[in-house]
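**Q** Dumping the structure here so I can ask a few things about it.
The values are calculated or read from the model by the stated rules, or taken from the named source; none is laboratory data. Remember, it's a predicted structure, so these values are computed and weren't measured experimentally. When we count neighbours, we look across all protein chains shown, and the Cβ atoms used for this are built from the backbone with ideal geometry, even at glycine.
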Amino acid sequence: MTDDQIRTLVLREISKIAPEVESGQIDPALDLREQIDLDSMDILNLAIAIHKVTGVDIPEADYPKMASLNGCVGYLRARMPRS
Amino acid sequence: MPALGADMEAGTILQWLVKPGDAVKRGDIVAVVDTEKATIEIEVFEAGVVQTIVVREGDKVPVGTVLALIRADGEAALPAEARAKPAAPKPEAVPPPAPTRPAAPIRPPPPHRLRASPLAMRIALELGVDLGAVKGTGPDGAVTKADVERAAKAAREAAVSAPPPTVPPVEAPKAAVPARPAMAPADRQVAMRRVIAAAMARSKREIPHYYLGTHIDMSRAMGWLQTENLKRAVTERLLYSVLLLKAVALAAHEIPEINGFWVDGAFKPSEAIHVGVAISLRQGGLIAPAIHDVGKKSLDEIMVNLRDLVNRVRAGVLRSSEIADATITVTSLGEQGVETVFGVVYPPQVALVGFGKITERPWAANGMVGARPVMMATLAADHRVSDGHRGGLFLATVDRLLQEPEKL
């Protein structure tokens, strides 16, 4: 998957959790929780959704690495099988 | 129309999921009702057969209105002519009138009857879209939220681009009457704020609150949770809120004065412990549906219930029993970063437990100061039922239970 594809995938899962958020509003460098008001249940649901789609299991200790959209993309790129 | 919480005055029937002649059993979802706060699936309390639907889809009626009549199991059916002419003087021919009971206040409806998701129905109501005319793209042709929004957009565009009539009407056109009452999202916000305000004003007027707070060392609980979650797949992980809910339920079992209802001038303790969880809505406002029998459930069961509840609250669809029967409420504002929250008791309940953010703090124990994760737990409770001494024991019990997380 390319970075763009990963980004699209993550944004799609975020939009399911926070339907009122438009992806254009998200600054990819900033903390997602603060930008779009995600709580711990939302973060867990996002981790579960990403796991279901990509097969990548994100341990709790790695949540801080996934805080921003850019963080998510980098983290997943390093762990997803290359195709 | 059941009263789904102290703040509900009326509800609109969005959809009936049963028709006359259908058999229902306890817990079946029979109708979907819209209130200021949420779309609520109405459950039946007893088994029987639906006899008559009284309130039509789209109608808004006050709490207490009979929505439908259900003939309980074992009661004789009432023939149509007997209902039409109840005075027929033939005792052997006419069975006694069947006692009918108003349908009281779910499970997902059978798929073949599902024409639209409850969220889609609510949005259709808000946008004034006729669901019957919308082509569904969801499972089994069900109408989804996106379908409704597309239909509403198409209708707006058609209205704008429609050519003006070439022949002026002879008579003044009648004012267009919307087919259904429509509540715009902004109006829903106003309505929700109004019902929250009414319930909280009633609480502050009637309930002599007292407030207590204590710091709880969360190092054992968080340490245990971290180890536990390391062993688990992402889908099985627990949130620390689950430990708090279980500890509250077990402590409420030990201090029963904080669990139950103040009704008709007296406290009615509740044997069951249904913990209401205050969940904020993404668009603003909050709602506190219950997780049932928390004390009897495992942490895993509570986690499954909590995730399900949060997802349905965010989707705007709840079940009547969850809304109506919390016996104590928990609010956890820690996520928003505050350290202390003193709640307002939700009548007719008599206590509200608040949890703040967990922060690392200097903590003295055994003559040593160390850094520990610390959380403020508070209790707002009703002085007509309990006092600071018992309330204090309750918070001390929550603390004690959280020091042995493996036993929760």
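**Q** Take residue B:294 and decide whether it is of a type outside the set (Lys, Arg), surrounded by 20 or more Cβ atoms within 10 Å (Cβ to Cβ) and away from chain A (no Cβ under 14 Å). Steps first, please.
**A** Numbers: of a type outside the set (Lys, Arg): yes; surrounded by 20 or more Cβ atoms within 10 Å (Cβ to Cβ): yes; away from chain A (no Cβ under 14 Å): yes.
Spelling it out, residue B:294 is indeed of a type outside the set (Lys, Arg), surrounded by 20 or more Cβ atoms within 10 Å (Cβ to Cβ) and away from chain A (no Cβ under 14 Å).
**Q** Going by the conditions given, is residue B:338 surrounded by fewer than 18 Cβ atoms within 10 Å (Cβ to Cβ), over 30 Å from residue B:264 (Cα atoms) and under 29 Å from the mean Cα position of the chain (by Cα)?
**A** On the way: surrounded by fewer than 18 Cβ atoms within 10 Å (Cβ to Cβ): yes; over 30 Å from residue B:264 (Cα atoms): yes; under 29 Å from the mean Cα position of the chain (by Cα): yes.
Yes.
**Q** Then there is this: Counting residues that are under 24 Å from residue B:297 (Cα atoms) and out of contact with any Pro (no Cβ under 7 Å at 6 or more places or on another chain), which helices (runs of 4 or more DSSP H) fully inside the range B:184-265 reach at least 2?
**A** Values: elements: B:185-206, B:219-230, B:240-254.
Answer list for the range B:184-265: B:219-230, B:240-254.
**Q** Among the residues of the range B:302-326, write down those that are more than 10 Å from chain A (Cβ to nearest Cβ), of a type in the set (A, V, I, L, M) and over 23 Å from residue B:13 (Cα atoms).
**A** B:302, B:304, B:326
**Q** Please determine, by comparing only the residues of the range B:29-60 that are small (Gly, Ala, Ser) and closer than 21 Å to residue B:191 by Cα, which one is surrounded by the most Cβ atoms within 10 Å (Cβ to Cβ).
**A** In the first step, residues of the range B:29-60 are kept if they are small (Gly, Ala, Ser); the result is B:31, B:38, B:47-48, B:58.
Then keep just the ones that are closer than 21 Å to residue B:191 by Cα; that gives B:38, B:58.
On the way: B:38: 26, B:58: 14.
Within the range B:29-60, the match that is surrounded by the most Cβ atoms within 10 Å (Cβ to Cβ) is B:38.
**Q** Could you run through the range B:250-286 and say how many residues are under 20 Å from residue B:321 (Cα atoms) and away from chain A (no Cβ under 14 Å)? Don't jump to the end; show me each part of the working.
**A** In the first step, residues of the range B:250-286 are kept if they are under 20 Å from residue B:321 (Cα atoms); the result is B:259-263, B:268-281, B:286.
Then keep just the ones that are away from chain A (no Cβ under 14 Å); that gives B:259-263, B:268-276.
Total satisfying the criteria: 14.
**Q** When you go through B:199, B:251, B:247 one by one, which is the residue that is out of contact with any Lys or Arg (no Cβ under 8 Å at 6 or more places or on another chain) and modelled with pLDDT under 95?
**A** On the way: B:251 fails: modelled with pLDDT under 95; B:247 fails: modelled with pLDDT under 95.
None of the others qualify; the one that does is B:199.
**Q** Something else now. What do you reckon, is residue B:381 farther than 18 Å from residue B:226 by Cβ and touching a strand residue (DSSP E or B) at 6+ places or on another chain (Cβ under 9 Å)? Talk me through it step by step, then tell me what you get.
**A** On the way: farther than 18 Å from residue B:226 by Cβ: yes; touching a strand residue (DSSP E or B) at 6+ places or on another chain (Cβ under 9 Å): yes.
So residue B:381 passes the test.
**Q** Right, next: Out of everything in the range B:301-333 that is acidic (Asp, Glu) and either at pLDDT below 85 or within 23 Å of residue B:237 (Cβ to Cβ) (or both), what residue ends up being surrounded by the most Cβ atoms within 10 Å (Cβ to Cβ)? Don't jump to the end; show me each part of the working.
**A** Restricting attention to the range B:301-333, the residues satisfying the condition of being acidic (Asp, Glu) are B:301, B:308, B:322, B:325.
If we keep only those that are either at pLDDT below 85 or within 23 Å of residue B:237 (Cβ to Cβ) (or both) too, we end up with B:301, B:308, B:322.
Numbers: B:301: 15, B:308: 11, B:322: 28.
Among residues in the range B:301-333 that are acidic (Asp, Glu) and either at pLDDT below 85 or within 23 Å of residue B:237 (Cβ to Cβ) (or both), the one surrounded by the most Cβ atoms within 10 Å (Cβ to Cβ) is B:322.
**Q** Within the range A:24-50, can you find the residues that are aliphatic (A, V, I, L, M), within 13 Å of another protein chain (Cβ to nearest Cβ) and assigned to a loop (DSSP other than H, G, I, E, B)?
**A** Filtering the range A:24-50 for residues aliphatic (A, V, I, L, M) gives A:26, A:29-30, A:32, A:36, A:38, A:41, A:43-44, A:46-50.
Imposing the further condition that a residue be within 13 Å of another protein chain (Cβ to nearest Cβ) reduces the set to A:36, A:38, A:41, A:43-44, A:46-50.
Of everything in the range A:24-50, just one residue is aliphatic (A, V, I, L, M), within 13 Å of another protein chain (Cβ to nearest Cβ) and assigned to a loop (DSSP other than H, G, I, E, B), namely A:38.
**Q** Also, I was wondering about something else. Looking at A:10, A:53, A:21, can you tell me which residue is within 11 Å of another protein chain (Cβ to nearest Cβ), over 23 Å from residue B:228 (Cα atoms) and among the β-branched types (Val, Ile, Thr)?
**A** Numbers: A:10 fails: within 11 Å of another protein chain (Cβ to nearest Cβ); A:53 fails: within 11 Å of another protein chain (Cβ to nearest Cβ).
After applying the criteria, what remains is A:21.
**Q** Being closer than 15 Å to residue B:310 by Cα and surrounded by 18 or more Cβ atoms within 10 Å (Cβ to Cβ) is true for just one of A:26, A:17, A:6. Which residue is that?
**A** On the way: A:26 fails: closer than 15 Å to residue B:310 by Cα; A:6 fails: closer than 15 Å to residue B:310 by Cα.
The conditions single out A:17.
**Q** Let me ask another. Which pairs have Cβ atoms under 6 Å, sit 6 or more apart or on different chains, and link a residue in the range B:328-346 that is over 18 Å from residue B:306 (Cβ atoms) and among the hydroxyl-bearing types (Ser, Thr, Tyr) to one that is at pLDDT 90 or above and part of a loop (DSSP other than H, G, I, E, B)?
**A** Note: pairs meeting the criteria are B:340/B:356.
**Q** Here's something else I'd like to know. Would you point out the residue of the range A:55-76, among those that are at pLDDT below 90 and part of a helix (DSSP H, G or I), that is nearest to residue A:1 (Cα to Cα)?
**A** The extreme case among them is A:66.
**Q** Moving on. Looking at B:32, B:49, B:18, B:61, can you tell me which residue is out of contact with any His (no Cβ under 7 Å at 6 or more places or on another chain) and in a loop (DSSP other than H, G, I, E, B)? Even if it seems obvious, please write down each step before you answer.
**A** Values: B:32 fails: in a loop (DSSP other than H, G, I, E, B); B:49 fails: in a loop (DSSP other than H, G, I, E, B); B:61 fails: in a loop (DSSP other than H, G, I, E, B).
Residue meeting the stated conditions: B:18.
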